[in-house]
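Here the structure is laid out as structure tokens; the discussion comes afterwards.
The values are calculated or read from the model by the stated rules, or taken from the named source; none is laboratory data. Predicted model, so just to flag it, every value in this text is computed and none were measured. Don't worry about glycine lacking a Cβ; one is built from the backbone with ideal geometry, like all the others, and counts go over all protein chains shown.
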Amino acid sequence: MKKLILLFLIIIVFLPHNMPSELNEDEIADMIIEKEKIPYDLVTVTTYTISEAQTDSTPLITASGYKLDSINPKKQKVIAISRDLKRKYKFGQKVRVKGAGKLDGVYTVRDLMAKRWTKKIDILINPEDAGNKFRRVKLYNIEVDVNL
């Protein structure tokens, strides 16, 4: 993890002047993945909303206790993971999703899925958004430990 922190700091501090002045979180994550050759898990990606039918009786509170925005939950970039992935991906960890089309990006693990699922993640979307399903999506752990 210390190598990732050092790489992240080097990227931020020593960006060449001819590069765009602001890299987004996805671009930084991709640079870290490429440089460090971070392994990935192949997962199935589905989507969910904050409805009780898709969650539980407290749809605005995740399994980690995180409170979701009722107006625009998608902006919080939250995912739920299947319980088999919980050993590797902890609550609050940043992950990079690649291979899920418009849902590709950096997300934070905040929720758990039902016990019946394995090798699967759910991406939180807004109720008006269309649901999707993608197979063989790459899930990278890009968490940077800030505690040196």
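For segment 76-104, enumerate the residues that are hydrophobic (A, V, I, L, M, F, W, C) and surrounded by 17 or more Cβ atoms within 10 Å (Cβ to Cβ). Within segment 76-104, 78, 79, 80, 81, 85, 95, 97, 100, 103 meet the criteria. Taking the conditions (1) in contact with a strand residue (DSSP E or B) (Cβ under 9 Å, 6 or more places away or on another chain); (2) more than 19 Å from residue 134 (Cα to Cα) in turn, residue 59 satisfies each one other than (1). In summary, residue 117 fulfils each of the numbered conditions (1) crowded, with 17+ Cβ neighbours inside 10 Å; (2) touching a strand residue (DSSP E or B) at 6+ places or on another chain (Cβ under 8 Å); (3) more than 14 Å from residue 62 (Cβ to Cβ); (4) not small (Gly, Ala, Ser) with the single exception of condition (2). Looking only at segment 5-22, decide whether some residue is at pLDDT 80 or above and not aromatic (Phe, Trp, Tyr). No - not one qualifying residue is present in segment 5-22.
Only strands (runs of 3 or more DSSP E) whose full extent lies in segment 53-148 are considered here, and the ones with at least 3 residues that are touching a helix residue (DSSP H, G or I) at 6+ places or on another chain (Cβ under 8 Å) and of a type outside the set (Ser, Thr, Tyr) are 94-98, 105-112, 120-124. When residues in segment 52-75 are screened for being small (Gly, Ala, Ser) and surrounded by 15 or more Cβ atoms within 10 Å (Cβ to Cβ), 2 of them pass. Applying the criterion of being of a type in the set (Val, Ile, Thr) and more than 22 Å from residue 31 (Cα to Cα) to the residues of segment 57-78, the residue that is modelled with the lowest pLDDT is 58. Provide a single number: the residues in segment 34-49 that are of a type in the set (A, V, I, L, M) and either in contact with a Cys (Cβ under 9 Å, 6 or more places away or on another chain) or surrounded by 19 or more Cβ atoms within 10 Å (Cβ to Cβ) (or both). Of the residues in that region, 2 qualify.
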